[in-house]
Structure formats: C-alpha cells, structure tokens
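Undergrad: I'd like to ask some things about the structure below.
Each value in this text was obtained by applying a stated rule to the coordinates, not by laboratory testing. Since the structure is predicted, the reported quantities are computational estimates derived from the model, not experimental observations.
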Amino acid sequence: MPNRDYPETALDSGFAFEPVFRVSIPASDGTAFNLEKDMFEILAERYGLAPSDFGREFSTGSERFRITGIDPKRPRYPISAERSPDRRGFKFTAANVAILLQT
C-alpha cells in the first residue's frame with residue numbers, strides 16, 4: 001500500500017549531494033602529507049606528464065579544471081581533476097590532459 005505522506009511521483013531537481021572528506025597527516029616538517037600528490041609525482045612521467053603538473057589548471061570548452069591525481073587502476077581515464085567552480089571530480093585521458101596543458 002503506498003504511503004500517502006510521500007507520493008510516488010517525485011520531482012528531480014537535477015542536484016546531487018556528494019560528501020567529501022579530506023584528511024591530512026602532518027609530515028615531520030609540519031606540512032600536510034599528501035598521498036595524492038606524492039603518487040602523482042611518482043607516476044606522472046609514465047603518463048606523459050611532469051611531476052610539477054599536480055595542481056595545474058587547464059581548460060576544456062568554457063570550463064576550468066585542476067589536476068588532483070592519477071589512478072593507475074583506471075588505465076583508460078587515469079587523470080583525476082576537479083572542476084574549478086564546484087570542485088566536482090572528473091576523469092580524463094592522460095593524452096588529453098597533456099595536450100590541454102600545452103594550450
């Protein structure tokens with residue numbers, strides 16, 4: 001029997017909520033240890049990028065993205081980036097990011 005307090009037809013607002021938790025571990029020099037950055041620096045050259053590309057921004061169309069990591073378990077889209085205005089995560093091919101960083 002349907003619940004009358006919650007009709008079965010609901011409106012989809014098109015918005016989604018994705019909680020993100022960021023944890024920092026202090027290094028011996030007092031800076032925050034960043035596993036994503038360290039992994040990026042180790043793997044970057046394997047994907048045709050420079051270790052210093054971590055955190056760099058690039059544009060595709062009218063949107064800006066910031067490189068946030070590499071995931072070798074995603075061979076097709078290994079580069080992680082977040083869209084600048086809303087920090088939503090996206091995945092890119094390494095070749096595409098290398099080209100976009102040159103422009």
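Undergrad: On a full-extension model of 0.36 nm per residue, what is the gain between residue 22 and residue 102, subtracting their alpha-carbon distance, rounded to one decimal in nm?
TA: Details: separation 80, 0.36 × 80 = 28.80 nm, distance 2.98 nm.
Going from the current span to full extension adds 25.8 nm.
Undergrad: Evaluate the relative contact order of the stretch 33-102 (contact order divided by residue number), counting alpha-carbon pairs under 8 angstrom at least 6 apart; express in whole percent.
TA: Values: 111 pairs, mean separation 17.7, N = 70.
Normalised by residue count, the contact order of the stretch 33-102 is 25 percent.
Undergrad: Could I ask something else about it? Can I get the semi-axes of the stretch 33-102's equivalent ellipsoid? Compute them from the C-alpha gyration tensor as square roots of 5 times the eigenvalues, in angstrom, largest first. Show your work: numbers first, answer last.
TA: On the way: eigenvalues 60, 35, 25 Å².
Output for the stretch 33-102: semi-axes of 17, 13, 11 Å.
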